[in-house]
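I have placed the structure first, in the form of structure tokens, so that the comments after it can refer back to it.
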Amino acid sequence: MSISITLTLNGAARDIALDDTRVTLLDLLRERLALPGTKKGCDRGQCGACTVLVNGRRLNSCLTLAVTLDGAEITTIEGLAEGDELHPVQSAFIENDGFQCGYCTPGQIMSAVGLIAEGHAGEDLERIREGMSGNLCRCAAYHGITLAVREATRRMAEDKKGQAA
Amino acid sequence: MPDILSRPFRFGSNSGQPITRRDGIAKVTGTAIFAADNMPDRLLHAVIVPAGIARGRVTHLDAEAAEAHPGVTHVITPQNRPPLQGDPSAKTMMFSFRIEVLQDDAVRYAGQPIAMVLGETLEAATEGAHLLSPRYDVEPARVRLDDSPSFAFDPAGFGLPADVEHGDVDAGHRAARWVVDATYETAAQYHNAMETHAIVAEWDGDRLTLDMPSQALAISCAAYAFYFGIPAGNVTLRSPYLGGGFGSKAFATGPQVLAILAARMTGRPVKLMLTRQQMFGPVGHRGATRQRLRLGADDRAALTVIDHEGLAETSSFDDFVEPAAGASQGLYAARALRSTHRAVRLDIGTPGPMRAPGEASGSAALECAMDEMAEQIGIDPLEFRLRNYAETEPGTGRPYSSKALRECYMQAAERFGWAGRPLKPGQMRDDNGLLVGWGMGTALFPCPMFAAEARATLRPDGTALVETSAADMGQGAWTALAQIAADSLGLPLEKLEFRSGHSGLPDAGVAGGSGHTATAGGALHAAGSDVIRQLGEIAAADPASPLYGSGNAGFVARDGRLYVADDDSRSEAFAEIIGRAGGAAITGNGTASRPPEDAERHAMSSHGAVFAEVKVDPDLYQMRVTRMVGAFAAGRIINPRLAESQLMGGMIWGISFALHEEARHDPRTGRIVNADFAGYHVPVNADVRGLEVITVHEDDPYVNALGIKGVGEIGITGAVGAIANAIWHATGKRIRRFPIRIEDLSTA
């Protein structure tokens, strides 16, 4: 049995033949599409390491069966930078030391991109902390993560203003 | 007393700079390759089947059902497991644990591997593992400290801590005007690095290649080689990045040995990644403790005795006893000190070292007891600690190699705003009516050095290659070690290529004990210095060099040039010196270990002080840490940005220890009922605010040539006690069991 789905994956259309309906989006990315940047930390939606954007919304890819995503637009950590130019969230994570081991980092960054797009945290640190609390970091780089999200929020707002002007 | 400031230090331009992580771009773009990200051709996926009981025997596994599932290729059980060449119960080296690798049908703890299923896909192997449907002969589980008799043991190095006694303990008790006699309990905690233990194993004849996170590459190679009867040199271990370690990735584990065995049995590469639930059992944990602290103080508030008894759990088949009581040895100037340990055998996986082993649990109890004593005497807890400040090491009288603890107390107290804190509890409320409490604790962690080797090669074009098999588990080895190496060669960082995380490189020792930067960094420093020494010899003997004939004066390397020491007018670029000498690269080798006489003559520790504010809801007893300031003196800081992150991470582990982490066993089945991230709580982002870290500089000429002590673990110590003491200060309730829970406060 093979089921075909079509995804827009990091901007490119992909036809994918699934031989197994049990495959999660996370395992599809990691084990079948050679995109291991998205990480597995718990495989049951408790840690956020596998966060990706699906149709612009952040989502735990370990809890989502790939077959349910026909037609979806998916962005993973590999699709965030434009060539050598890092996404503002990525550079803010480096500058604010928003990670140590780096394992939860792809999920943190995708979650931050999603949070900023949602627009309800703004630059309020307490709201950022709350909005980022679905992403565990065992190294506990939370201080840097919070500052990175605020800085990226600010920079992206400025960029937007600059483009509009 | 030597003047420690009079010995000159070479300060390079790289060390001390808060540069960002050199592995930063790889980690924010998802291109940093962790073990389980590897996907060789013909890969088989392995899934472990964990025991669902804590003690007994496996009586049946439905291997036929599993094998019949499409995509399942092999089912490995004790019945068909191929032999290992090395005995899994052997203790062949200092850091050996007895491992569980399907050697029989006995179940020794819940979560022990009882079978392994291989499949063409992860989905098939996972389903196959479920289909095994194990049945058991069940025996009653022993999982609580009171479930078995305690026993004394002979100390035997790693895992079995020695008891220590200094001074006349009985006299200390008799001389006490004030007495604290309190018992504290700490919970079993599991490392739970975000990256679970993963491995991709592949055989080529009798040569083995492993992609596996490792805190100790050379030791791991030797251990795996032992089990498979091959020379250690036949094992190649690649561990460029660890997704956290915290002590759990320094040792050979049973599941990883099984994956290697499966690869040999099938002739195909095998990938195994433990599930989060499987992290609770076969890969170590911080053992639960019960600690009795008896403190005596005289009428001038001077400690007459610290008498610390530790009881800790270990497994039924191996020994690792949390060395908690040892934490009372090096801190306060008590007239008499005693630390003793006993153990209890339970049906659990063997505990092991977890970030700040001994010190974290021991300091939690000691700092609470100190607070209780200050309360009893009626003096400020900081003042009480200052009155018992140890100018020399308690018990031995040895001088400290350096100790800026007083400065830590002062700076952290000032920053926190400790002055004016009411002595009595329950005096402060915030605008919302929440109870506010302030507490403090002293932080202490030893600064060991291990042995390490490194190699540095200065290339003819003036760039350099430096190599050592260090482990970066988030502490920043890729960055801080490169900074040290660049300074040792007098090169800017961008002219340095740093190879690490591969067993084929010189042995960098263990990333543990907070000693990796000092140890691996020391070896890199020595290797670079060896290159510069050779370069100087060439230049001094070369009549065409501006440095000709200056050999006795010595040299300084800076910005890719060699200078005559104290004479900046005479210098030459590295490339020019090498070019005239025939253009061959210069290779230097370095080792690091601490000179035994320095280790003998001095007490060596990092120190710190942590102050915490908590707010507690007076009706619901919900607790939150709202502010924390930690000041730490840990010798020279190579990279302040990374060191502060690590110290802060440690303090958050303190929050976690004090308020969150606890593996809870069902006493009937012996299983851990909260073995995942929904039930096993660690701090999330919203739990962490208002944290500040101060680093207090120390020049320490004795710890090692670089003056580095280490910052990886000390952040937890002090923090746990500070939070518990703050909760008492807010509520007037002394909770002597960690983690402190709402129900503890509501029923106290």
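Give just the number: which of (1) more than 14 Å from chain A (Cβ to nearest Cβ); (2) crowded, with 21+ Cβ neighbours inside 10 Å; (3) of a type in the set (D, E, K, R); (4) within 26 Å of the chain's Cα centre (by Cα) does residue B:27 not satisfy?
(1)
Every residue in the stretch B:487-502 that is hydroxyl-bearing (Ser, Thr, Tyr) and either surrounded by fewer than 22 Cβ atoms within 10 Å (Cβ to Cβ) or closer than 21 Å to residue B:563 by Cα (or both), please.
Residue satisfying the conditions is B:488 alone.
A quick yes/no check of all residues on (1) touching a His at 6+ places or on another chain (Cβ under 7 Å); (2) surrounded by 21 or more Cβ atoms within 10 Å (Cβ to Cβ); (3) outside any loop (DSSP other than H, G, I, E, B):
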site: B:82; (1), (2), (3): no, no, no
site: B:90; (1), (2), (3): no, no, no
site: B:104; (1), (2), (3): no, no, no
site: B:111; (1), (2), (3): no, yes, no
site: B:114; (1), (2), (3): no, yes, yes
site: B:146; (1), (2), (3): no, no, no
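(1) farther than 17 Å from residue A:136 by Cα; (2) in contact with a strand residue (DSSP E or B) (Cβ under 7 Å, 6 or more places away or on another chain): which one isn't true of residue A:51, the others all being true?
All conditions are met except number (1).
Can residue B:237 be described as farther than 20 Å from residue B:281 by Cα, touching a helix residue (DSSP H, G or I) at 6+ places or on another chain (Cβ under 6 Å) and not assigned by TED's automatic domain parsing to the domain that holds residue B:510?
The answer is yes for residue B:237.
Kindly evaluate residue B:51 against the criterion of being small (Gly, Ala, Ser), within 14 Å of another protein chain (Cβ to nearest Cβ), in contact (Cβ under 8 Å) with a residue 40 or more places away in the chain and open to solvent by less than 30 Å² (accessible area, probe 1.4 Å).
Taking the combined requirement at face value, the residue does not satisfy it.
Is it fair to say residue B:181 is assigned to a strand (DSSP E or B) and open to solvent by 70 Å² or more (accessible area, probe 1.4 Å)?
yes
Let's see how each residue does on (1) more than 11 Å from chain B (Cβ to nearest Cβ); (2) touching an Asp or Glu at 6+ places or on another chain (Cβ under 7 Å); (3) among the aliphatic types (A, V, I, L, M); (4) open to solvent by 30 Å² or more (accessible area, probe 1.4 Å):
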| residue | (1), (2), (3), (4) |
| --- | --- |
| A:38 | no, no, no, no |
| A:41 | no, no, no, no |
| A:46 | no, yes, no, yes |
| A:52 | no, no, yes, no |
| A:58 | yes, no, no, yes |
| A:61 | yes, no, no, no |
| A:64 | yes, no, no, no |
| A:67 | yes, no, yes, yes |
| A:73 | yes, no, no, yes |
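How many of the residues in the stretch B:667-682 are at the interface with another protein chain (Cβ under 10 Å from one of its Cβ atoms) and in contact with a strand residue (DSSP E or B) (Cβ under 9 Å, 6 or more places away or on another chain)?
2
Residues that are modelled with pLDDT of 95 or more and farther than 25 Å from residue B:453 by Cβ, at least 2 per element: which strands (runs of 3 or more DSSP E) completely within the stretch B:545-616 meet that?
Result: B:561-564, B:567-573, B:605-616.
Is it the case, given these coordinates, that residue A:122 is within 19 Å of residue B:473 (Cα to Cα) and either open to solvent by 10 Å² or more (accessible area, probe 1.4 Å) or facing chain B (nearest Cβ under 8 Å) (or both)?
no
Would you mind finding the one in A:100, A:90 that is at the interface with chain B (Cβ under 7 Å from one of its Cβ atoms) and within 11 Å of residue B:25 (Cα to Cα)?
Exactly one of A:100, A:90 is at the interface with chain B (Cβ under 7 Å from one of its Cβ atoms) and within 11 Å of residue B:25 (Cα to Cα), namely A:90.
All but one of (1) within 11 Å of chain B (Cβ to nearest Cβ); (2) more than 17 Å from the chain's Cα centre (by Cα); (3) surrounded by fewer than 20 Cβ atoms within 10 Å (Cβ to Cβ) hold for residue A:81; state the number of the condition that does not hold.
Every listed condition holds for residue A:81 apart from (2).
Residue A:111 versus (1) at pLDDT 95 or above; (2) not assigned by TED's automatic domain parsing to the domain that holds residue A:141: which is the lone unmet condition?
(2) is the only condition that residue A:111 fails.
Condition first: open to solvent by 20 Å² or more (accessible area, probe 1.4 Å) and part of a loop (DSSP other than H, G, I, E, B). Now tell me which residues in the stretch B:203-229 satisfy that.
Scanning the stretch B:203-229 gives B:205, B:206, B:229.
Determine whether residue B:570 is surrounded by fewer than 24 Cβ atoms within 10 Å (Cβ to Cβ) and within 14 Å of chain A (Cβ to nearest Cβ).
No.
Does the stretch B:652-691 hold any residues that are more than 26 Å from residue B:51 (Cα to Cα) and open to solvent by less than 30 Å² (accessible area, probe 1.4 Å), and which are they?
Within the stretch B:652-691, B:652, B:653, B:654, B:655, B:656, B:657, B:658, B:683, B:685, B:686, B:688, B:691 qualify.
Show the residue pairs meeting these rules: Cβ distance below 7 Å; 6+ apart or different chains; first residue within the stretch B:302-330 and on the phi > 0 side of the Ramachandran plot; second residue charged (D, E, K, R).
Filtered contacts from the stretch B:302-330: no entries.
Just to verify a result, which residue in the stretch A:101-119, among those that are aliphatic (A, V, I, L, M) and within 30 Å of residue B:239 (Cα to Cα), is most open to solvent (accessible area, probe 1.4 Å)?
A:113
Specify the residue that is surrounded by the most Cβ atoms within 10 Å (Cβ to Cβ); the eligible residues are those in the stretch B:186-202 that are among the small types (Gly, Ala, Ser) and in contact with a helix residue (DSSP H, G or I) (Cβ under 6 Å, 6 or more places away or on another chain).
B:201
Here is a list of conditions, (1) more than 14 Å from every other protein chain (Cβ to nearest Cβ); (2) assigned to a strand (DSSP E or B), and residue B:200 meets all of them except one; can you say which number that is?
Against the list (1) more than 14 Å from every other protein chain (Cβ to nearest Cβ); (2) assigned to a strand (DSSP E or B), residue B:200 comes up short only on (1).
If a residue must be open to solvent by 20 Å² or more (accessible area, probe 1.4 Å) and either more than 11 Å from chain B (Cβ to nearest Cβ) or touching a Phe, Trp or Tyr at 6+ places or on another chain (Cβ under 7 Å) (or both), how many such residues does the stretch A:7-35 contain?
7
Just give me the residues in the stretch B:450-475 being surrounded by fewer than 24 Cβ atoms within 10 Å (Cβ to Cβ), assigned to a loop (DSSP other than H, G, I, E, B), within 28 Å of the chain's Cα centre (by Cα) and not aromatic (Phe, Trp, Tyr), in sequence order.
B:451, the sole residue that qualifies.
Would you check if residue B:100 is charged (D, E, K, R) and either without any contact (Cβ under 8 Å) to a residue 12 or more places away in the chain or surrounded by fewer than 21 Cβ atoms within 10 Å (Cβ to Cβ) (or both)?
Judged against the criteria, residue B:100 is not a match.
Looking only at the stretch B:297-310, which residues are surrounded by fewer than 23 Cβ atoms within 10 Å (Cβ to Cβ) and in contact with a strand residue (DSSP E or B) (Cβ under 7 Å, 6 or more places away or on another chain)?
The answer is B:298, B:309.
Is it the case, given these coordinates, that residue B:551 is touching an Asp or Glu at 6+ places or on another chain (Cβ under 8 Å) and under 22 Å from residue B:14 (Cβ atoms)?
Against the criterion (touching an Asp or Glu at 6+ places or on another chain (Cβ under 8 Å) and under 22 Å from residue B:14 (Cβ atoms)), residue B:551 does not qualify.
The values are calculated or read from the model by the stated rules, or taken from the named source; none is laboratory data. Please read all numbers here as calculations on a predicted model, not as lab measurements. Don't worry about glycine lacking a Cβ; one is built from the backbone with ideal geometry, like all the others, and counts go over all protein chains shown. These area figures cover heavy atoms from the full protein model, side chains too; ligands, DNA and RNA do not enter into them. Shrake-Rupley method; radii C 1.70, N 1.55, O 1.52, S 1.80 Å.
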